[in-house]
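The values are calculated or read from the model by the stated rules, or taken from the named source; none is laboratory data. Source: prediction; values computed, not measured. As a convention, Cβ positions derive from the backbone with ideal geometry for all residues, glycine included, and neighbour counts pool all protein chains shown.
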Amino acid sequence: MAVRRGVKRPLAEFMRVPSLNLEQYAVIARCSGLRDAQALVEAVLGCGFDPAEYRAQHPGLRDAGFDEAGAFTHFLEFGYAESRDPPTGPLPDGLAGLVALAIPNRPYARTLFRTLFRQQVRHPEAARRLWQRPALAPISAIRALEGLPYAVLGDSHASHYAFDGHGAAGWLAGMPLVCLGASAADLTRDDTRQGFGAAILRWAAAAEPVDLPVLLQFGGIDAEFRWITHCLRHNISALSRTAFDDYADRAVADYARFLDRLRSILGTPRIHICAAFPTALLDRFWIDGFVAATAGTAERAPALRAALLKIALPDFAMRTAFRALYNNRLRAMCESKGLHFVDTFTPFLDASGVLDARFITAPATADAHLNYEAVGDRLEPLIRACVKSG
């Protein structure tokens, strides 16, 4: 049930938490600095917080004898600051109401808001809302509590940008809009099944009045899976640097045409083009990863696997080198158009010039993604530079 600000309502009406006792109200008031502890309880419930699910997620609370009211009080006293991933609704449910309380304890208010925002961004409904109505993003609320909001549009690696950082100069409030399996070169095409290019342009038109830096994380699929698909289609068996150079020129040129359309909507200063990350898929799992990502149907998989075995596939080092060449083209294109290029490639390499082992997600599986838990320290300064300049 939604909370209507300014209207006092008994907690029993929410049907999500039993009535708190006076001692629990006193704890909440002491932590927040608010005299009206019930107002904070209502605001957090308005963000979609579910006390019953929070208690169920943490067996230690149940074992310690906490009922739902006790678990809710625990969250507002301790859990909000313990990275416990609380159950919430989707962005931006209730966040404006939380800010409107003007909680006197500012560090408490900031951390509570960050925790709820971070979890709301992860809600499966959040992305759909942001795609449809970008202005719903609680930009002013984020900034009121010292956050730095930005949007990230990209392939599945875009979700790596959804963390709040730990710097003193504002917390990072990334809002990813993932285009699963999207190729940068195909964004300019209107005949693709996914239609991500058109979707991004529609989003940009709706987001144009919103003062928000925009990062684009595309190109990894182009520099690897799409490149190999190109070779198979054109019977290119020698995957040489020269052949890749020609391909990369065309792929980046296609991406540039899409960016011209995006710039006409958002303007140049707000747009930040991120390099393709280094390849993370190890050689022994590469064919499995490629087939899983591109076959489409189980019936096509055997023929695709057989075709791959007929060509000299590039190894881990060569695939990394191809991505470096692609990123060089991407950087040059950005420089020619006055776009901000973000080097999200070099910081993740080791001394030998390939992806540092700490950033490999699962060395024993066909996972093509960088380790989400490990990338933050390298991404954070890059994102801060974008937010500052954008």
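Is it the case that Ala253 is more than 17 Å from Arg323 (Cβ to Cβ) and not in a loop (DSSP other than H, G, I, E, B)? In short, yes.
Inspect all residues belonging to the stretch 264-284 and state whether any of them is at pLDDT 95 or above, over 23 Å from Asp343 (Cα atoms) and assigned to a helix (DSSP H, G or I). Scanning the stretch 264-284, I find at least one residue that is at pLDDT 95 or above, over 23 Å from Asp343 (Cα atoms) and assigned to a helix (DSSP H, G or I), so the answer is yes. Taking each residue of the stretch 355-379 that is over 15 Å from Phe316 (Cα atoms) and looking for partners that are of a type in the set (Ser, Thr, Tyr) and surrounded by fewer than 17 Cβ atoms within 10 Å (Cβ to Cβ) with beta-carbon atoms closer than 7 Å, six or more apart or interchain, yields Asn371/Thr361.
Consider the stretch 380-390 and keep the residues that are in contact (Cβ under 8 Å) with a residue 12 or more places away in the chain and either assigned to a helix (DSSP H, G or I) or aromatic (Phe, Trp, Tyr) (or both). The one that is surrounded by the most Cβ atoms within 10 Å (Cβ to Cβ) is Ile383. With respect to Ile383, determine if the residue is hydrophobic (A, V, I, L, M, F, W, C), within 20 Å of the chain's Cα centre (by Cα) and farther than 26 Å from Val291 by Cβ. Yes, satisfied.
Any residue in the stretch 188-213 that's in a helix (DSSP H, G or I) and surrounded by fewer than 16 Cβ atoms within 10 Å (Cβ to Cβ): show its pairings with residues that are at pLDDT 90 or above and of a type in the set (A, V, I, L, M, F, W, C) at Cβ separation under 6 Å, as long as the two are six or more apart or on different chains. So the pair list comes out as Ala205/Ile265. Residues of the stretch 305-333 that are more than 29 Å from the chain's Cα centre (by Cα), touching a residue at least 60 places away in the same chain (Cβ under 8 Å), assigned to a helix (DSSP H, G or I) and farther than 18 Å from Ala368 by Cα: Ala307 alone. On the given criteria, is Arg114 at pLDDT below 95, in contact with a strand residue (DSSP E or B) (Cβ under 6 Å, 6 or more places away or on another chain) and not assigned by TED's automatic domain parsing to the domain that holds Ala293? Here the answer is yes, as Arg114 does meet what is asked.
The residues on offer are Ala293, Ala332, Ala351, Ala324, and the sole one that is of a type outside the set (Val, Ile, Thr), in the same structural domain as Tyr161 (by TED's automatic domain parsing) and farther than 26 Å from Gly376 by Cα is Ala332. Within the stretch 221-243, none of the residues are in contact (Cβ under 8 Å) with a residue 24 or more places away in the chain, closer than 18 Å to Ser336 by Cβ, of a type in the set (A, V, I, L, M, F, W, C) and part of a helix (DSSP H, G or I). Taken over the stretch 151-165, the residue count meeting the criterion of being out of contact with any strand residue (DSSP E or B) (no Cβ under 6 Å at 6 or more places or on another chain) and outside any helix (DSSP H, G or I) is 2.
This table checks each residue for (1) at pLDDT 95 or above; (2) farther than 20 Å from Pro138 by Cβ; (3) surrounded by fewer than 18 Cβ atoms within 10 Å (Cβ to Cβ).
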{"residue": "Cys31", "(1), (2), (3)": "yes, yes, no"}
{"residue": "Val44", "(1), (2), (3)": "yes, no, no"}
{"residue": "Gly94", "(1), (2), (3)": "no, no, no"}
{"residue": "Pro104", "(1), (2), (3)": "yes, yes, yes"}
{"residue": "Ala109", "(1), (2), (3)": "yes, no, no"}
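Candidates Asp249, Asp254, Asp260, Asp222: the one that is at pLDDT 95 or above and surrounded by 23 or more Cβ atoms within 10 Å (Cβ to Cβ) is Asp222. Scanning the stretch 166-187 for residues that are hydrophobic (A, V, I, L, M, F, W, C), in a loop (DSSP other than H, G, I, E, B) and modelled with pLDDT of 90 or more returns Cys179, Leu180, Ala182, Ala184.
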